[in-house]
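The values are calculated or read from the model by the stated rules, or taken from the named source; none is laboratory data. All of these numbers come straight from a predicted model, not from anything done at the bench. Virtual Cβ from ideal backbone geometry, glycine too; neighbours counted across all protein chains shown.
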Amino acid sequence: AASGSAQQVDVAVVGAGFAGLYLPHRLRKAGLTVVALEEAGDVGGTWYWNRYPGARCDIQTIDYSYTFDPELETAWTWSEKYATQPEILRYLGFVADRYDLRRDIRFKTKVTEATWDEANGRWHLATDNGAPVSCRYYIMATGCLSAPKPPEIDGVKDFTGAVYFTGRWPHDGVNLAGKRVAVIGTGSSGIQSIPLIAQQAEHLTVFQRTPNFALPAHNGPAPSDRMSLLQGDRAAYREQARRSMAGVPYPQQMAVSWQLSDAERRARFEEAWGKGDLVYILTQLWADQGVDVDGNALICELIREKIGTIVKDPETAAALMPHDHPFGAKRPCLDTNYYATYNRPNVTLVNLRQEPVKAITPSGITTGKRSFDVDVIVFATGFDAMTGAIRAVHPITGRDGKSLSGVWAQGPQTYLGLTVAGFPNFFMITGPGSPSVLSNMAVSIEQHVDWVVDRLAALRDAGFTTIEATETAQAGWGRHMADCATLTLHRLANTWYTGANVPGKVRALMPYTGGVGPYRSICDEVVSRGMLGFKLTGPDVAAQC
Ligand code: NA7
C-alpha cells in the first residue's frame, strides 16, 4: 500500500504474546487507539511457536498469569502446577476473546522497517502485508526468546533427513516413532523434550555441549500451600510478587550458608528438591547462594550428587554434571524424568566437550571421533536472546537517521530497559536492561505495560507529544546495571543472558539483576521525580528532567 493510505493510530505494538495482548487492552482503556502487528497467524508469542514435545512454563502457572483483572483470575483455572504449552496458548486465546483483542491485531504481518519522522513526531512502519502504519508511539512487545539462533554447524543443508527447531515446531506435530533422532542442545527446550522424544524414537542421541543443572518439576496439581496463600488473600499474594526479587512471592532468605551446619543445609536442599520449584531453590536455601561462589558451590555439589544417584552409567552421569558455571548463573531447568532418561537402552549421550561436532552429513552427524546416522535432527540450540527480535528483525531508525542496531553495536544501551536515547516515543517491553528473563515474565510484563501506558496517558493529558530518554540517564542506567551485575554470579557463565551463545555478539549481561521489586520502585521514583531522565516535548511545552 502507498504511504498515503497508512493506518493511523496512536500506538503500534509489535507482537501478540503475553505483552502484546495486555498492551491493547490497557491502551484502549486509556483512550488510545492501537494496532498490534503479529507475524504469527494467531496470538501467543512464545507459546505460539514453541510447540515441541514437553514444552511447559517453569514458573508455577498460578504465578505465570495475568493479574490485572481479579475476575479474569477466577474465570480461569489452571489444570496443573506447570501448564503445558497447549494450555497456556488456550489461556492466551481465552484472554484475547474475553477482551475482544483480536480486532486490533493484524496477524501474519511483519514490520519490515520502522522510521521516526521528526517533523511530524510520528513513527512510520512498513509491513509485508497490508497498509503501512503511522503512529505516535511504537512499542516492541517482541519477547526475549523469539529469534531462534541459526545452527552454526556446517552441512545442515546436505542432511537428507528431517530437521526441526524446537522454537519453530510444526503445528501438526511430528511423528518420531521408529525414527533415529538426534537432539542438539541441552537447555530448557532440550531438557523438556528429550524424555518425551526418547519415549517415541527408536533411538535418541543427545549431543550435549554444556551440561545444565535441572531439578525435578514434580508436576501435578498446584501445591496446596501455594493455593491457600493465593486464595487466602489474592491481592496481598500478588503484591508480594510485585515487590519480590524474582516476581514470585517468596520472602528474602536471611541465613547465609556458613551459619548452617552440613545437616541443616542438606535438609534445606532436600526440601527444595522435593518442592520442584526453580524460584524456591534459587532463592530460599541460603542468602549467599546467588552472590558468593563458595555459598553457591555447596548447592552445585548437592545437585551433582543427585545426578550421580539417578544416572546408572558412571561415565554418562559424569558428563551430565555441570562444573563450568555456578548454579543459577546459567538458566537452570525444570525436568520430568530428564536424568532418568539416560538409563533407557535407546538413549545415548554424546559429550561434545570430548568430541565436538565436526559437521552434519547427508546421513547424520559426525564428531571428531564417530559418525551417527539419524533420520531426524532436532535443534534445541536456543535463541538470539533479548536483542535478537528487536535489533535484527527490521531496521529501526530513530532521530538523525541513527539505526538501533548501529547504536547497539557495542551492546544494548537503554534507560530502564524500556527506552533508548535517540529513539523518541519508542518503548520495549522486557527489553535489555529490564529484569525480564531473570524474573517471572508475567509480573515484569504487567509492570512495564502499566508503566508505559500510564505515562502515555499522562503525557497526553499534559500536552506533551514526545518522550525520549536523555543520554545522561541512559549512561547512568548502564552504570547501575553494571554495578548490580558485579554483585551476582551471572557474570561467571557463558550464557544467552550475556550474549555468549551467539558467535560475534557483544558480551554484556542484558537483564537487570537488581530484582523486580527494586526495579519497580525505581520506575515509580522516575515518575514521582517528574520523569527523571526523560526529555518531554509538545507543541507548546518542553521539559527536561
Ligand atoms: P538455551 O538455554 O540457549 O540452550 C541451547 C542449548 O543448545 C545449550 O545446551 C547450548 O549449549 C546448545 N547449543 C547451542 N548451539 C550449539 C551448537 N552449535 N552446537 C552444540 N550445542 C549447541 O535455549 P533453550 O531453547 O533450551 O532455552 C531458552 C530458554 O527458554 C530457557 O533458558 C528458559 O528460560 C526458556 P551451550 O550451553 O551454549 O554450550
The condition of being among the small types (G, A, S), under 23 Å from S244 (Cα atoms) and within 15 Å of the ligand (Cβ to nearest atom) holds, among S528, S439, S521, only for S439
Examine the range 243-259 for a residue that is out of contact with any Gly (no Cβ under 7 Å at 6 or more places or on another chain), in contact (Cβ under 8 Å) with a residue 40 or more places away in the chain, more than 16 Å from the ligand (Cβ to nearest atom) and not basic (K, R), and state whether such a residue exists. yes
With respect to A222, determine if the residue is among the small types (G, A, S) and surrounded by 19 or more Cβ atoms within 10 Å (Cβ to Cβ). yes
Could you identify the single residue in D277, D313, D324 that is charged (D, E, K, R) and surrounded by 17 or more Cβ atoms within 10 Å (Cβ to Cβ)? D277
Given the criteria in a helix (DSSP H, G or I), crowded, with 19+ Cβ neighbours inside 10 Å and either away from the ligand (no atom under 16 Å from the Cβ) or free of Cβ contacts under 8 Å to residues at least 12 places away in the same chain (or both), does A508 qualify? no
In the set Q413, Q354, which member is in a loop (DSSP other than H, G, I, E, B), among the polar types (S, T, N, Q) and more than 16 Å from the ligand (Cβ to nearest atom)? Q413
Top-ranked residue in the range 143-184 [being among the basic types (K, R) and outside any loop (DSSP other than H, G, I, E, B); ranked as farthest from the ligand (Cβ to nearest atom)]: R180
Filter result for F427 (more than 13 Å from the ligand (Cβ to nearest atom), among the hydrophobic types (A, V, I, L, M, F, W, C), surrounded by fewer than 24 Cβ atoms within 10 Å (Cβ to Cβ) and in a strand (DSSP E or B)): no
Cβ pairs under 7 Å, 6+ apart, first in the range 90-118 and free of Cβ contacts under 8 Å to residues at least 40 places away in the same chain, second assigned to a loop (DSSP other than H, G, I, E, B): Y91/W76; F94/W76
Name every residue in the range 269-293 that is in a loop (DSSP other than H, G, I, E, B) and polar (S, T, N, Q), in order of residue number. Q284, Q289
Only one of A500, A462 is surrounded by fewer than 17 Cβ atoms within 10 Å (Cβ to Cβ) and closer than 18 Å to A409 by Cα; which? A500
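Table: residues versus (1) among the aromatic types (F, W, Y); (2) modelled with pLDDT of 95 or more.
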site	(1), (2)
T115	no, yes
W123	yes, yes
K149	no, no
I194	no, yes
Meets criteria (more than 14 Å from the ligand (Cβ to nearest atom), in contact with a helix residue (DSSP H, G or I) (Cβ under 8 Å, 6 or more places away or on another chain) and in a helix (DSSP H, G or I)) for A485: yes
Checked the range 307-324 for anything under 21 Å from D277 (Cβ atoms) and touching a residue at least 40 places away in the same chain (Cβ under 8 Å); matches are P322
Boolean, Y52 is in a helix (DSSP H, G or I), closer than 23 Å to M386 by Cβ and either within 16 Å of the ligand (Cβ to nearest atom) or modelled with pLDDT of 95 or more (or both): no
Confirm whether T387 is crowded, with 16+ Cβ neighbours inside 10 Å, hydroxyl-bearing (S, T, Y), out of contact with any Pro (no Cβ under 9 Å at 6 or more places or on another chain) and more than 21 Å from L196 (Cα to Cα). no
Identify the residue in the range 294-347 that is part of a helix (DSSP H, G or I) and of a type in the set (F, W, Y) and, among all such residues, is farthest from the chain's Cα centre (by Cα). Y339
Would you be able to tell me the number of residues in the range 195-211 that are assigned to a loop (DSSP other than H, G, I, E, B) and either surrounded by fewer than 22 Cβ atoms within 10 Å (Cβ to Cβ) or out of contact with any strand residue (DSSP E or B) (no Cβ under 8 Å at 6 or more places or on another chain) (or both)? 4
Go through (1) surrounded by 16 or more Cβ atoms within 10 Å (Cβ to Cβ); (2) over 23 Å from D117 (Cα atoms); (3) not aromatic (F, W, Y) for L492 and report which single condition fails. (1)
Condition set β-branched (V, I, T) and not in a helix (DSSP H, G or I), scope the range 385-401, selection nearest to A119 (Cα to Cα): answer is T397
Across the range 357-384, which residue is surrounded by the fewest Cβ atoms within 10 Å (Cβ to Cβ) among those that are of a type in the set (A, V, I, L, M, F, W, C) and either more than 28 Å from the chain's Cα centre (by Cα) or away from the ligand (no atom under 13 Å from the Cβ) (or both)? A359
Which residue pairs have Cβ atoms closer than 6 Å, lie 6 or more positions apart in sequence or on different chains, and pair a first residue in the range 187-198 that is near the ligand (Cβ under 6 Å from one of its atoms) with a second residue that is assigned to a helix (DSSP H, G or I)? S189/T166
Selection from the range 160-196 of residues touching a Pro at 6+ places or on another chain (Cβ under 6 Å) and hydrophobic (A, V, I, L, M, F, W, C) yields F165, L196
